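What follows is a single structure, written as structure tokens, with notes after it.
The values are calculated or read from the model by the stated rules, or taken from the named source; none is laboratory data. No experiment lies behind these values; they were computed from the predicted model shown. Glycine gets a Cβ as well: all are built from the backbone with ideal geometry, and neighbour counts include every protein chain shown.
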């Protein structure tokens, strides 16, 4: 398995969310924007970013004194990779099982259902 195929952990996803929302940032900026937890100090975030850099999840710009980290993949690309992995592992590659379980697990709002219908209409239109 190459570095690009590695899936982010929950802690790594927290960091990625900060970078997706705020853009490139230093360790200090990321640490300040992460939800506070008792065991997530500055050095923990630094080590996490070093690991994420080795895994290819973020890239590090070392041109300044304070290194700046940015994401390697967009939120959409990462979500697609995670969803594909979950569909393969937990749903035996069944799209309908995944969608049915998602809709049965948590009620969708009227707005979300309208978006889903719009997407289904679009997909059906493209397949005709």
Inset, instruction - Given the conditions (1) at pLDDT below 90; (2) touching a helix residue (DSSP H, G or I) at 6+ places or on another chain (Cβ under 9 Å), report the number of the one that residue 72 does not fulfil. - result: (1)
Inset, instruction - Name the helices (runs of 4 or more DSSP H) wholly inside the stretch 1-116 in which the number of residues that are surrounded by 15 or more Cβ atoms within 10 Å (Cβ to Cβ), in contact (Cβ under 8 Å) with a residue 40 or more places away in the chain and touching a strand residue (DSSP E or B) at 6+ places or on another chain (Cβ under 9 Å) is 2 or more. - result: 10-22
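Determine whether residue 119 is within 19 Å of the chain's Cα centre (by Cα) and assigned to a helix (DSSP H, G or I). Don't jump to the end; show me each part of the working.
Numbers: within 19 Å of the chain's Cα centre (by Cα): no; assigned to a helix (DSSP H, G or I): yes.
No; evaluated as a whole, the condition is false for this residue.
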